[in-house]
Amino acid sequence: MSENTGEKSKPAFDLQVPKASAGDEVESAKILFQEGLLDEAKRILHRVLISHPSYGKASRLLEQIRNSELDQLLNRPGSRASDRRKPEDPAKIARRLEADLGITLEQESGSIDPARENWVHGGSLLPRERFDLAIAFFEMGCLRDVIRELEEAIRQVRLESSILDETGVSMVALLSESLILLERAFEAKMFLAPVLNEPEISHETKLPLYYLAARSEELLGAKKEAKAWLEKVMEIDPLYRDANFRIRLL
């Protein structure tokens, strides 16, 4: 009887949860990143950037996560977010590579395609130089260029020694990571298989390879095999990347 009392009727109660703002989504992604749930954080950030392509906070956090993954992949010290240097601008990396190595970006700036070779160079490089170059390409998202450089670097290493050292294993890991990011999981699995079976490489050194084997199996829908690889990861380092989170989902 509110029309008789002069009181305004109360608005209908809305059970619908209000949609989170882009800022709230980025904050959620930041918390997930701090908890080590990198893939979940990236999923949120990609969703934000689809709706807000120029949202700087989302882009910067996504770049920070990618650098964190690269640090962990290569077993770099000081991989915590608070300890790392500020990530370099890909354009600056590109200019330095062009000047130092005489390589040329085949496409126009801003049109890099991860699935094709964007760079050409005719230089004869040592394996370590190719590895450093591949890391720079990875940080710029030039994944096919990463694969090209590391295939040649690993071939050179194998010619010198049949046993891979830690740097050689890191090369294998970065190449496999690039294949997985390009959704070429079966190729990653086949590439990793013989290295995983090499008895000369220690169980601990194979840690990033166990994780990537799990990722490839997960992408191929082989949950049982993925879980088995993640269990090997957990035996060595229960805090490695998002292994603990992934194993609970399988």
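The values are calculated or read from the model by the stated rules, or taken from the named source; none is laboratory data. In this text, all values refer to a predicted model and were calculated from it rather than measured experimentally. Note: ideal-geometry Cβ built from the backbone for every residue, glycine included; neighbour counts use all protein chains shown. For accessibility, only protein heavy atoms count, side chains too; no ligands or nucleic acids. Shrake-Rupley method; radii C 1.70, N 1.55, O 1.52, S 1.80 Å.
Descriptive notes on the structure:
- Residue in segment 226-250 that is nearest to HIS203 (Cα to Cα), counting only those that are of a type in the set (Asp, Glu) and under 19 Å from the mean Cα position of the chain (by Cα): ASP237
A quick yes/no check of all residues on (1) among the charged types (D, E, K, R); (2) under 17 Å from LEU150 (Cβ atoms); (3) modelled with pLDDT of 95 or more:
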| position | (1), (2), (3) |
| --- | --- |
| SER178 | no, yes, no |
| LEU182 | no, yes, no |
| PHE186 | no, no, yes |
| GLU200 | yes, no, no |
| GLU204 | yes, no, no |
| TYR210 | no, no, yes |
| LEU219 | no, no, no |
| GLU235 | yes, no, no |
| ARG241 | yes, no, no |
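- Residue list for segment 32-68, restricted to those being of a type outside the set (Lys, Arg), assigned to a helix (DSSP H, G or I), open to solvent by 90 Å² or more (accessible area, probe 1.4 Å) and under 19 Å from ALA243 (Cβ atoms): GLN34
- Set LEU37, LEU61, LEU15, LEU49: member being at pLDDT 75 or above and either farther than 23 Å from TYR210 by Cα or in contact with a Lys or Arg (Cβ under 6 Å, 6 or more places away or on another chain) (or both): LEU61
- Residue in segment 161-183 that is among the hydroxyl-bearing types (Ser, Thr, Tyr), open to solvent by less than 10 Å² (accessible area, probe 1.4 Å), in contact with a Leu (Cβ under 7 Å, 6 or more places away or on another chain) and touching a residue at least 24 places away in the same chain (Cβ under 8 Å) present: yes
- Helices (runs of 4 or more DSSP H) fully within segment 140-250 counting 3 or more residues that are of a type in the set (Gly, Ala, Ser): 166-181, 185-196, 207-219
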